[in-house]
1. What shape does the range 609-767 take by its C-alpha gyration tensor, where a ≥ b ≥ c are the square roots of the eigenvalues and a/c under 1.5 counts as rounded, a/b above b/c as prolate, and the rest as oblate?
2. Quick check on the exposure proxy: order ASP417, ASP462 from fewest to most C-beta atoms within 10 angstrom.
3. Report, as a whole number in µm² per second, the diffusion coefficient that Stokes-Einstein gives for the range 198-339 at 4 °C and 1.567 mPa s using the Kirkwood radius over alpha carbon pairs.
4. How far is the Cα center of the range 161-192 from the Cα center of the range 1041-1119, in Å?
5. Rounded to the nearest 5, what is the percent of antiparallel bridges among the DSSP beta bridges in the range 960-1197?
6. On a full-extension model of 0.36 nm per residue, what is the gain between ASN1196 and LYS251, subtracting their alpha-carbon distance, rounded to one decimal in nm?
7. May I ask you to sort GLU999, GLU570, GLU300 by Cβ crowding, counting other Cβ atoms within 10 Å and putting the fewest first?
8. Provide the convex hull volume over Cα atoms per residue for the range 1118-1202, in Å³.
Amino acid sequence: MSDNYTLERESLYESGSAGISPYPVSVYKHRTAEFRVVVCQVPGPRCHLVMCLPTPCTDHKGKPHTLEHMVFCGSKKFPYLGYIDAVASHNLGQPMNATTHCDMTVYKFTGLGQEAAANVLPVAFDHIMNPLIEDDNFATEVYHVDQDGRQQGVVLSEMSDFAFKESSVRSHWLRQMMYPSSSTYAWESGGLPECIETLTTAEVLEYHRKFYNYNNLTLILVGSYDKRPTAIFDALDALDGEISLASPVVKSPMPPPPQRRKEKPRENHTFASEKVDTGTMAFAWEGPPAEDVETRIAFEMIVDYLGNDTASPLRKRFTNRPVPIAGNIEFEIVPFFPAFIELSFTEVPFEGYISHAAAAAVATSYCRGTNGLDSYPSPTDAFGPVDLAKLHDDVTNLLAPNYYRRQVVSTLTHIVDRWLPDNWSEVRRYMDMRTDSLASAFAQNAMNERGADGLVMMIARDAVAYHLSPASACLPQPEFASRGRLFSVRQELAQRGCSFWQSLIQKWLLDRPMVHLALHPDAKIGITAEAERILIQQYRTESMSPEEQAAAQRRAKAASEMPRSVIPQEVLDALPPVPDISKVQLPKFCGHNFDLSSSELAQAPFAIGRVLAVPGASEAKFQISLPLAGLASDLRPYLPLFTKLLRAQTGLIVPCAIAGKIRETTCLPVVEPAGMPLAYVNSDQVNRACGSVLNKYDACIGAYIYHDFPGNWPDEALTLYGSMKSEDLNHSFALLVIKLLFGDFGVDTLHNTAAEQEKVQLRTRAAGSPPLIDTLAWLRMPGPLDARAIEGSVYNSDELAGRTVQETLGRAVNHFFQLPFLSAVTKSLGVALNGDGLATAQGCRVVNAVERIRAHLASSIISNGLVHISFPKEVNTIEARKALDGVVEIWSFYAGAWLENLPHTPAPSSPYDTSVYYRVENVPSIRRHKKQRTETEDVVNLASNQVLGAPCESRDYVPLKSSVGVHMTLATLQTSYVGVQIPLAMKYGPDVGSKVPFEKQLEKLPDREVYALQLLTTMLNRTGGLIKNAIRGRGYAYGVGVHPRLDEGYFAVYISHAVDPIKSLQALWETMHFLQAEDSWNETVNEFELNAACSMYSLRRYTDLSDMLEFDDARSLFHGYSGLEQRMRWIKKHVEAICLEDIRHVFLKYLIPLISKEMTSALYLVATPQYTGEPELDFLARLNNNAYGIDFKSVNISALDPIVHV
């Protein structure tokens, strides 16, 4: 046992669940140094190894961020590119990663078991403390200029788009306005592109010397560690010589924001956007110090309510009104030193600001990193003429100086003076509900190292406070676990009287000065910046001396050589063996399966029932997947909207005949109006009822709750999910079923939900990068605007004008169909609300479509759905069956009630408006059964070959004669995005139609290719993997990913933030050629790589068991397994059998088509900024100058949108 460390203090973190013990925290301090080890013990398979350093900055060059990247280029003891990645992968872990914040840098390794963490620790410390910061590494990882004058580098690629995003620009200017230049928060720790190009290797070395030493570093261990993990401290003892001689601790207390603000009422700046009609109004205040934990938590609670609850006065004043003056509200307290309070109103309706010349000056000033102009244009000059007749209410005054600010102040004053006293009980109810929800989420995943409320980040914040917070820097030791009583403090605060919360808002928001920022959209700023970049590139090329050209060629040549990890075999052989995975803690679970296909309950669309017992879990959960097979094709576009309706806050319209049953099974206060067949429950009452019992609920298309984005539809099912306390299972389930069947999905609700989703789709389009996958899916699926139209001739969408086409399922939920579809729905419903006769009929058709979807679900035409329940305790078979029958009976009762009352259900625009009726046609008659199942009857085990759902036709992709390429430009991009997809028809899982038993099927290893491909892509996706090294390692792009999407039926490579898309593609092709040669393959792909891939794959599987056990178990049923236990056996048996020959086989079969003219039908997409320096035809010529016969054609993204009429 090491004597170099003494126990300094002990504390606890509350787990968030009464059934889970608090997490112990032990802090150990080195005997002579300020170096500390914090151990937080959390049961489960994972162990986080985290190294945290305070990294303040004084300019926009991004030195902390650059240094973070350079750490991974090798160290003095291990001078091999990719070595730290290889060691991490070899030890049942993910490749090491890091994140640079405004005030700290956090290096993270996640592995299985503390032995893995101990093996990685000395390598990680050597890379952090003794990195190889050399010019060659700097050139590729950070910044260099090639012989053609093009700027390249990974850091530059990452930050080029970041600096133009609305959220980034907003944060930048608010911090510039709030903090003095002596504060780290006034600067961009990631770096601004125009400043990164001035950074030198010497500056990075000096920054490392100043801030990177053991006295500044805190080692954080979170996971299944011993209280004093012997292996960790043994590894630290081997480094004791370095730790004892560390430089003195560096403390840089941050200065508070100046009390005197600038006299200007607000600052105006611009951001890049294709749409120029909406922008942002943002406000910021100085918050409480880090040490005032209670006030910070209190502020988090009140800010959560004011920003998120629909009944909040802020929401009612700005967003939830007939003519909104903001689309969304973002209200948060950021844990800086001191805290930073930000209130932002997005999608504010601006008009014409960019027409004024001052906008260009403001944009230029931002690009140059200055503080803006000395004076600002008047509202009339800046915003141009506005037709006031077209505007409504105070929208006419939005652009006047300080108007928005006055509205914010008056609303906050109203909250303090009147709203809180009059509505305190509702506010407290919301706070109690949110505390329960957050506690449940924390108990479910306390080890979420990314979230601000995860254990890792809470401990890291405490460590950094000791260096940067003025009050903590004076303490003799850091105060760890400052938020250890988070949930108890929240409960205690909720008991405080209304006056406490009034004084809180008054003190921090009304009595303190604020800063005010207006962000205006500019469609030209991105194009202008790109034009400027091209001009600078040309200037560099023309002004280079022969010596400078030769130097640039040498750098470019060094960067273009195949960068790969050349680690001597003897070094790899010296690594410790892979830790024994059998020692890793796994969550215990047991499942009970039931065949429901012969159920005598009416309206039960379920064939499979499974009840999972997960002792030690924090909550109960249910998931029902309702079959969509047979749904009318014209209803498919409405399905994404339907799931959003289920999530939205809506009222209920219920038959009075079942009001008593609803009151009995739920806490809904249903009151039957005299003489009326229907009763109405308003949305606040529904929301309150759901919040009182449900920790979380959601709805999605498909079988997997996390697969909720357009175009991803692996299974024809609609899934409802909820989590709650075990005793609230039936209550919660009944609430969601009632909401699904009796939710007020009338014209008002539909219009609001469709309008909100249209905004989401527009934001997705404006973001540039997300549509990459959607665009590829849109072109690959059969339809009038698919890849064949591009392959066959010069693209011309006019040929399709006037054609009425029925889109397939996959295309109907795709972004390119959903955007015009939602626009058409919103317009039709909007006009219908104004009383237009024709539009009213169109609006009724929309309502009718939603009701037909409900009819499909309630009628149980296809009875092969799934009911999945999990309990955080042991349950026997009889208890499991009783729970299962309970939820099936609830569904049967309410589905039957919906069908019986169907002819009388109105589609109102207000609660009791019965002037408009509708009738769902062609509802099949349902045979009714009177016999009810007893709690012990028909308890059976589910056969392993029972399956539900049907594969979606979106997996049927258009055949291409050869590879096809699409090039499109987006004005909002500053870097490029590249994607390529190849159809991948691979069946996997047991053969559910076979009479061969599961075990006999498994003996033959039918999925050998599937898991060989999974392991191959795991190798390629390593940070030190060949494809990433070939592209990212040369500085061509920031992100590179290889993805075998078996459910969706394709294999893909995606490249993001590419500063040189053509070189990125060429590097991808060169890597395929390199690996195609057998000698190169044998040199690169060896047993070490295979073992490392198996190690990483095991981590992913075990991590899913820890985080998503219930979801994975339900998902297993969709793939033909009897449960997760069977699926784990299937995977384990296959992975253990994979050899290098299998890896080579799938590489030649599935990846070589990328470079084979004969074999490939790949679809390429290259999205770039709007080039102003290079003609489009010239860029296409360079794209088409490839050896693989790929014909790239230019397509306008707007031309892909169909015209949709409701």
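Taken together, the values in this text are just the output of simple stated rules run on the coordinates, not laboratory data. All values reported here derive from a predicted model rather than from experimental measurement. Cβ coordinates were reconstructed from backbone atoms using ideal geometry, including for glycine residues, and neighbour counts include every protein chain displayed.
1. The shape class here is oblate.
2. Working: ASP417 12, ASP462 25.
Ascending number of Cβ neighbours within 10 Å: ASP417, ASP462.
3. Diffusion coefficient, whole number: 61 µm²/s.
4. What the calculation gives is 35 Å, centre to centre.
5. The antiparallel fraction comes to roughly 65 percent.
6. Length difference between fully extended and current span is 334.8 nm.
7. Going from least to most buried by this count: GLU570, GLU999, GLU300.
8. Numbers: hull volume 17.9 nm³, N = 85.
Once divided by residue count, the hull of the range 1118-1202 is 210 Å³.
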